[in-house]
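J.: Dropping the structure in here first, questions after.
All of the numbers you see were taken from the coordinates with simple rules; none came from a lab. Computed from a prediction, not measured in an experiment: that's the story for all the values here. In this analysis, Cβ positions are derived from the backbone assuming ideal geometry, glycine residues included, and neighbour counts consider all displayed protein chains.
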Amino acid sequence: MKIALCQFDQVWEDRAANKQKITSLLAACPRISTAQWLVFPEMTLSGFSMSTRATTLAAADLAFFQTMAQAHNQWVSFGGVVDGFNKLITLNPAGAIVSAYAKIHLYSFAGENKHYTSGVTQETFLLDTLAVTPAVCFDLRFPYLFWNKAEATDVFVVIASWPARRAEHWMTLLRARAVENQCYVVGVNRTGKDPTLEYSGNSMIFDPLGKVVLDCTSAEGAFVAEIDVTKELVTTTRTRFPFFNDKKPGAQFA
């Protein structure tokens, strides 16, 4: 499966403008039709805002992504707020919702916990033949969230609004989650600026050995991986290096 990552400078709290920008960026990518899965950053149509008016998805917003999925026969993953939860939503090529994961670890440092409700449930869904487990931004700093689902997961997908000043943390943690869980990790971050922070993009895909499959650097745009993401490499890696056999789940150490 070829995956496309779309990182862009989100227009602050302007859903209509961001839809126009997304449409233009996809149209400018000559290889977008070769991708089977398209992934966008956290709170895709608004930026990482504490204004529920700006971030809450309306029916027309969902329809925008559904039309995209249907028109290009692609899976589409995007972010937005639904019923007070900061979610990562995935649509199948028919435009149906197959996953709507609610962010579990809210970023209290920025007051996110005062405006949104924390999710309480992890989920894994089937994207064609790949078992995918979603996460959102700050979730990436909590490895147990990934360990919990590792053996049932082929791909972790993380969408984010991760500040440029901590870009090294973002890239390091994405690679670490891939290596320690022996699976692919897809990370999509925004670029540009909002009223308080600057963002560097650095959207990436790592394979189960921690090798780079796609590096979008800091440029705005839609980027399609040259290499297919396959379940076979996950299976081969875990068979060759059966490290899960040595795990001690729930162990307590003095």
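J.: Which order do 105, 169 fall in if you start with the one that has the fewest other Cβ atoms within 10 Å?
T.: Details: 105 18, 169 13.
By the 10 Å Cβ count, ascending, the order reads 169, 105.
J.: Rounded to the nearest 0.05, what FRET efficiency is calculated for residue 27 and residue 248 with R0 set to 45 Å and r the Cβ-Cβ distance?
T.: Numbers: r = 51 Å, r/R0 = 1.13.
Efficiency at R0 = 45 Å is approximately 0.30.
J.: What is the helix-to-structure angle for 15-27, meaning the angle in degrees between its Cα long axis and the longest Cα principal axis of the chain, kept from 0 to 90 and rounded to the nearest 10?
T.: 70 degrees
J.: Here's another thing I want to ask about it. Dipole size in debye (nearest 20) for the range 3-242 around its Cα centre, Lys and Arg Cβ +1, Asp and Glu Cβ -1? Working shown, then result.
T.: Working: 20 positive and 22 negative charges, 47 e Å.
Its charge dipole is roughly 220 debye.
J.: Run the numbers on the range 87-182 and let me know its relative contact order in percent, using alpha-carbon pairs under 8 Å that are six or more apart.
T.: Values: 126 pairs, mean separation 20.6, N = 96.
Once normalised by length, the contact order is 21 percent.
J.: Rank the residues 128, 14, 139 as a footprinting-exposure proxy: fewest other Cβ atoms within 10 Å of their Cβ go first.
T.: 128, 14, 139
J.: Relative contact order for the chain: what is it in percent, counting Cα pairs under 8 Å that are at least 6 residues apart?
T.: On the way: 567 pairs, mean separation 51.0, N = 254.
20 percent.
J.: Another question, if that's okay. Helix-only estimate, please: 222 nm mean residue ellipticity of the chain, summing -39500 (n - 2.57) across DSSP H runs of length 4 or more and dividing by its residues, to the nearest 500.
T.: Details: 7 runs with 65 residues, N = 254.
About -7500 deg cm²/dmol.
J.: If neighbour count is taken as other Cβ atoms inside 10 Å, put 235, 124 in order from fewest to most.
T.: On the way: 235 13, 124 17.
Going from sparsest to densest Cβ surroundings: 235, 124.
J.: What nm value, rounded to one decimal, do you get for the distance between residue 226 and residue 142 when each label is placed 7 Å out toward the C-beta?
T.: Inter-label distance under the simple model: 3.8 nm.
J.: Could you calculate the FRET efficiency of residue 54 with residue 219 from 1/(1 + (r/R0)^6), where r is the beta carbon distance between them and R0 is 25 Å, rounded to 0.05? Provide the component values of the computation, followed by the final result.
T.: On the way: r = 26 Å, r/R0 = 1.03.
Given R0 = 25 Å and the Cβ-Cβ separation, E is 0.45.
J.: Among 173, 163, 187, whose Cα projects farthest towards the positive end of the dipole of the range 141-188, with charges put on the beta-carbon of Lys, Arg (+1) and Asp, Glu (-1)?
T.: About the Cα centre, the residue reaching furthest to the positive side is 163.
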